[in-house]
Amino acid sequence: MTTTESTPQSGTVTGDAPRPTGPLSKIDYSERIPNNVNLAGDRKLQRALESWQPKFLDWWKNLGPSIPTHDVYLRTAIAVGRDGWAHFDRVPMEEYRWGIFLAERDPDRTVAFGHHKGEPAWQEVPGEYRSDLRRLIVIQGDTEPASVEQQRHLGMTAPSLYDMRNLFQVNVEEGRHLWAMVYLLQAYFGKDGREEAEELLKRNSGDYDSPRILGAFNEETTDWLSFFMFTYFTDRDGKYQLGTLKESGFDPLARTCEFMLKEEAHHMFVGTTGVQRTVQRTAQLMKEHGTDDIWEYGGIPLSVIQKYLNFQYSVSMDLFGSEVSSNAASYYTAGLKGRWMETRRKDDHLLTDYTMEVPGIESGRMTTRTVPMLNALNLDLRNEYSADCENGVKRWNQELEEAGLEQRLFLPHQGFNRKVGAFAGHHVTPTGEIVDEATWERSVGEYLPTAEDRARVAELMVPHHEPGEFAGWISPPSVGINSLPVEYDYVRF
Amino acid sequence: MTTLEDRSAATEGPGPVAEPAATPEVSFDTSPEAYRHWTLSVDGEVATLTLDVAEDGGIVPGYELKMNSYDLGVDIELHDAVQRIRFEHPEVKAVVVTSAKERMFCAGANIKMLAASPHSWKVNFCKFTNETRNGFEDASAHSGLPFLAAVNGTAAGGGYELALACDQIVLVDDNSSAVSLPEVPLLGVLPGTGGLTRVVDKRGVRRDLADVFSTTAEGIRGERAVQWRLVDASVKARDFPQEVARRAAELAARSTRPGAGAGGVALTPLRRETDGDTTRYEHVRVVLDRNSGTATITVLGPAAVPGTVEELQEQGDAAWLLAATRELDDAVLRLRTNELAIGTWLLRTEGDVATTAAYDEFLLANRGHWLVNETIGFYRRTVKRLDTTSRSLFALIEPGSCFVGALAEIAFAADRQFMLEGIWEDAAEEGREALPPAVIRLDEFNTGLLPMSNDLTRLQVRFLGSAAELAAAEAAVGRDLLAADAAELGLVTSTPDDIDWEDEIRLVVEERASFSPDALTGMEANLRFAGRETPETKVFGRLTAWQNWIFQRPNAAGPEGALRRYGTGKRADYDRKRV
């Protein structure tokens, strides 16, 4: 996963915010809300945001990062051009400028798949698909603030200022992604859209009465290892969902998601390198002390890392929904949600005559059955996702190999620990064996983090808030943010 | 509504009849001078409508209207004739319906026509004929204008149903003329213009006898018909004219109509200008958008209020509510019949709220006058047509509208009401008139004068679930209700402001267009008529709905079905499974 941050550009400030156009309102929106949607000239949007923005700020104050800071070295998107989207500066977090950006419009874009294939992409919501599109956007939007809520206390135990800054960067960008979805709701869905936008702030992760929509977003992120796993596996689900919406026939949604994908890449980077640096430190301690049990030396044992991986991968797999789905089929046919890299695929983009093998369990054995391709699109996307997940695992295993160790991390079987789809209700081990209830209960502690594992990891989560300092369970990165040194005071108190 | 027409023609006809190549545009314009099938004659207090169908006068080519069988064209004349008796002949106090044919009163709807028609045509035809027959009963109940069926020959199917719509039925006793409903035994369909409903509900025929009657193709005649209450009297041919005259005079004597000297109002031809997809009348404008499948129907409010009923009478058919109602009625009928793919109607009004309210007050103050009463009745029936229209109806209540009292019923007849909150903010900048916010104002028209077919007001139906909400709405009579008030009272569905308005309407129209038209028709018909049943609601809700189902079934409409095989000499081959 390459990002702008891992290949820093020169200079700290690049690109200007676009000049406001249209009549100026009392509030200088282009300053407070960087955008390329002509917010200053859009009375409708202004009014919608006037009421929504204070509620968003309240939400951020109440449920955003809980540790007080003076300012943070953050990247802010202020324009969509190559330069504008990566503008770095020290910013007090409550003054962060959440902007609204859509990728540039291609005036010739057409719907690439489904029943409307070849028709000009829709610039307005077609009434026929209003509720489906709104639902898709609300579900996507609901995940964005959820992770901020899940991660709000992590700053307290950051292993370094560098990592704390990365956490906050992820947080503000999730906030911006919420903005992006809210923009679509408010700009294109009228009153219903505004109401849904407010609901997004009313639901809270883990709230008994008003939880987030998807299960994985109601689990608390208790420690930094789960944060890294979350950003690697669960944010990657987000990336793939965005990838399908990027293909949407509804052009503003497609353009919004295209731009969000750039930022999502940074979250992937935080996850990939976070786990990698943890594995690196673990490998170093294992080698140094000649043992797997490195708790007493202040490291996280590789078996525990594997268990965290097993957990996060399996709950993220559930986010793709059932392998066989009529919703996925109708979203595709309607032109609302495509496949990953839809336009690069070499088929008819209608899929009415194609089939796909779908895995499952019958009479206690792994089987497959043939279903119409249109109904198997969730699986198609999940398979793309799984293949991508393998890349990170390879990278982490490189650390083990370089340390001369035999052990390796691996992705568990697709049927492991699943609560949704064909494998739900069965017990499948990480290596793909089907076992009975008793066997599962006996060995589940070897597959998934136990309360004790989590407690011992939590014990290691001791804050390191001096510039250049790093906790003992994780290695420092090789380079800092935006060409700055690793020792830079990325967060000031 | 069927016929025993020409059973000897059985040998000539092939089974399935080809559908007409193209259905011509139907016009509802006619006048007594132009009638081909009916004669309207007035003799003192009694008007006589005589049916003498021209065999070659079908509204669509492809069939002959033998034996006084009818099609839509015949019924358009009947509808027109009744309207003229109401408005042009206030001196008339009773109407006799009879036939000019030997031994045949009326054979009902033409079977060749039904067999050859697309489903939509059959449904529209039945709806219109039902409304015309309901109009007889409405005239009797609300205008003091009773109807007498002088059945001087066989009345079969729709012919007997025509008689059933009258207050009294006198059947000639000639040892052959019978009344019958042969649809079930001969055609595999139902008598679809209220026959089954009226036999038991209106005439009180015992249900087992009604069952025998409805399955006996040749029907019932003479004294037995009287005993079973199928007719009021069976009269020898030689006594028939006198008995009819006696009964007509008796009915006329009980009438509340003004009688001689009242001075009728001539219904002159409607002025209708069509330019592409825009049709303009004087007080009504219809604009079609074929892309979105919508018709925007705008009714213009009154420009002035007559000072006295004499002034109203002098205005004749140019008087605002009469003229606007004729135009709206015509627009509704034409859209229903000719524009099947226009699935959503957007209902608007334009005009001055105060003037419209004053016009209502004028009508209410003079409602005892026959012309005012007829005008209100005509309007009531026209809004009822909206209730039974198989289109999605959305009312758009915008600045500049005049949804007051009578006109507000158009909004309440709609499936949803959208009311603009506030004003058009950019009106001044865009060079349009800056109009004050839209209001709704209720008056007595909303609280009792314009009931639906279930005899409830649209407000009563709307608030069936809450007496308190109904009371609150009725207590708002006379107030100018802004969007927020109307929303609070539950009089409107949604109140977008000018920023959201266009998008909201576009989205709801597009969404509507994406649903199954059949499912929408069924859904809307179910939601519109909450509350109790009346014979009228049963005719539309039960009889018509079942008929429309049967019309689609192979047992009737399939190549081996009874409707298609009728007259071929071949027996219908039924699928015996009950559904």
Query - Criterion (of a type in the set (D, E, K, R) and more than 30 Å from A:R365 (Cβ to Cβ)) met by exactly one of A:E433, A:E437, A:E446, A:E452 - result: A:E452
Requested in this report: Return a yes/no flag: does the stretch A:145-164 have any residue that is within 12 Å of chain B (Cβ to nearest Cβ) and part of a helix (DSSP H, G or I).
Outcome: no
Query - Residue check for B:A249: surrounded by fewer than 22 Cβ atoms within 10 Å (Cβ to Cβ) and part of a loop (DSSP other than H, G, I, E, B) - result: no
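Of all the residues that make up the stretch B:190-232, how many are among the charged types (D, E, K, R) and over 17 Å from B:E137 (Cα atoms)?
So the count comes out to 9.
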Report summary line: Checked the stretch A:121-162 for anything farther than 18 Å from A:G175 by Cα and charged (D, E, K, R); matches are A:E124, A:E128, A:R130, A:D132, A:R134, A:R135
Query raised in the report: Within the stretch B:142-160, can you find the residues that are touching a Gly at 6+ places or on another chain (Cβ under 6 Å), part of a helix (DSSP H, G or I) and modelled with pLDDT of 95 or more?
Result: B:G158, B:G159
Query raised in the report: A:S210 passes all but one of (1) out of contact with any Cys (no Cβ under 7 Å at 6 or more places or on another chain); (2) under 16 Å from A:V138 (Cα atoms); (3) assigned to a helix (DSSP H, G or I); which number fails?
Result: (3)
Query raised in the report: How many of the residues making up the stretch A:116-130 are surrounded by fewer than 16 Cβ atoms within 10 Å (Cβ to Cβ) and within 12 Å of another protein chain (Cβ to nearest Cβ)?
Result: 1
Query raised in the report: Does at least one position in the stretch A:79-98 carry a residue that is within 14 Å of chain B (Cβ to nearest Cβ) and either within 23 Å of the chain's Cα centre (by Cα) or over 25 Å from A:G193 (Cα atoms) (or both)?
Result: no
**Report entry** Options B:V235, B:V226: the member that is over 27 Å from B:C126 (Cα atoms), in a strand (DSSP E or B) and not basic (K, R)
**Finding:** B:V235
Query raised in the report: Which of (1) surrounded by 24 or more Cβ atoms within 10 Å (Cβ to Cβ); (2) part of a helix (DSSP H, G or I) does B:L171 not meet, given it meets every other one?
Result: (2)
Query raised in the report: If you go through the stretch B:518-535 one residue at a time, do you hit one that is buried (at least 16 other Cβ atoms within 10 Å of the Cβ), touching an Asp or Glu at 6+ places or on another chain (Cβ under 9 Å), modelled with pLDDT under 90 and of a type outside the set (S, T, N, Q)?
Result: no
Query raised in the report: Which residue out of B:T256, B:T154, B:T193, B:T215 is over 27 Å from the mean Cα position of the chain (by Cα) and of a type in the set (S, T, Y)?
Result: B:T215
Report task. Mind listing whichever residues of the stretch B:50-62 are buried (at least 22 other Cβ atoms within 10 Å of the Cβ) and either of a type in the set (S, T, N, Q) or within 10 Å of B:M113 (Cα to Cα) (or both)? Result -> B:G58
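If you check A:T282, A:T273, A:T256, A:T231, which single one turns out to be crowded, with 22+ Cβ neighbours inside 10 Å, touching a His at 6+ places or on another chain (Cβ under 6 Å) and of a type outside the set (K, R)?
The unique qualifying residue is A:T231.
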**Report entry** Matching residues, the stretch A:146-193, being modelled with pLDDT of 95 or more and of a type in the set (D, E, K, R)
**Finding:** A:D163, A:R165
Report task. Answer yes if at least one residue in the stretch A:386-407 is under 30 Å from A:T157 (Cβ atoms), polar (S, T, N, Q) and touching a strand residue (DSSP E or B) at 6+ places or on another chain (Cβ under 8 Å), and no otherwise. Result -> no
Report task. Would you tally the residues in the stretch B:36-47 being buried (at least 18 other Cβ atoms within 10 Å of the Cβ) and in contact (Cβ under 8 Å) with a residue 60 or more places away in the chain? Result -> 2
Query - Yes/no for A:S226 being within 17 Å of the chain's Cα centre (by Cα), at pLDDT below 90 and not aromatic (F, W, Y) - result: no
Query - Residue within the stretch A:134-143 that is within 14 Å of another protein chain (Cβ to nearest Cβ), surrounded by fewer than 24 Cβ atoms within 10 Å (Cβ to Cβ) and not β-branched (V, I, T) present - result: yes
Requested in this report: Among the candidates A:E263, A:E288, single out the residue that is of a type in the set (D, E, K, R) and free of Cβ contacts under 8 Å to residues at least 12 places away in the same chain.
Outcome: A:E288
**Report entry** Restricting the stretch A:426-460 to residues that are part of a helix (DSSP H, G or I), within 20 Å of A:T222 (Cβ to Cβ) and of a type in the set (V, I, T), the residue that is nearest to the chain's Cα centre (by Cα)
**Finding:** A:V457
Query raised in the report: Is it the case that B:S514 is surrounded by fewer than 19 Cβ atoms within 10 Å (Cβ to Cβ) and touching a helix residue (DSSP H, G or I) at 6+ places or on another chain (Cβ under 6 Å)?
Result: yes
Query - Qualifying helices (runs of 4 or more DSSP H) (wholly inside the stretch B:491-556; at least 2 residues being facing chain A (nearest Cβ under 9 Å) and closer than 30 Å to A:K44 by Cβ) - result: B:498-514
Report summary line: Residue set B:E425, B:E502, B:E488; condition touching a residue at least 24 places away in the same chain (Cβ under 8 Å) and surrounded by fewer than 18 Cβ atoms within 10 Å (Cβ to Cβ); output residue B:E425
**Report entry** From B:A233, B:A295, residue being crowded, with 20+ Cβ neighbours inside 10 Å and either hydroxyl-bearing (S, T, Y) or touching a Lys or Arg at 6+ places or on another chain (Cβ under 9 Å) (or both)
**Finding:** B:A295
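The values are calculated or read from the model by the stated rules, or taken from the named source; none is laboratory data. No experiment lies behind these values; they were computed from the predicted model shown. Cβ sites come from the backbone with ideal geometry, for glycine too, and all protein chains shown count toward neighbours.
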